[in-house]
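I have placed the structure first, in the form of structure tokens, so that the comments after it can refer back to it.
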Amino acid sequence: MSEHQFKLGQNVRISRSFPDRTSQGNYEIIRLLPESVDGEPHYRVRGPDKVERAVGETQFVKPETE
């Protein structure tokens, strides 16, 4: 069982694009989700477009401005 490395309210940057190519900018973590079958922690994030997405921990990095 893995622990979440990022916390609620923290800003992160997506390291890979979403299929709709709206991945530019920082995302705020709004919910910690259970880990996937392979043990990767997941998160619910909200981007600059105000759309919420579910992402795995390996999909984002801390922004350099933090």
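The values are calculated or read from the model by the stated rules, or taken from the named source; none is laboratory data. These numbers were taken from a predicted model, which means no experiment stands behind them. We place every Cβ from the backbone using ideal geometry, glycine too, and count neighbours over all the protein chains shown.
In table form, for the structure just shown:
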{"quantity": "Enumeration of residues in the stretch 11-34 that are part of a loop (DSSP other than H, G, I, E, B), modelled with pLDDT of 90 or more and crowded, with 16+ Cβ neighbours inside 10 Å", "calculated": "none"}
{"quantity": "Total residues in the stretch 44-62, condition of a type in the set (G, A, S) and touching a Ser or Thr at 6+ places or on another chain (Cβ under 8 Å)", "calculated": "2"}
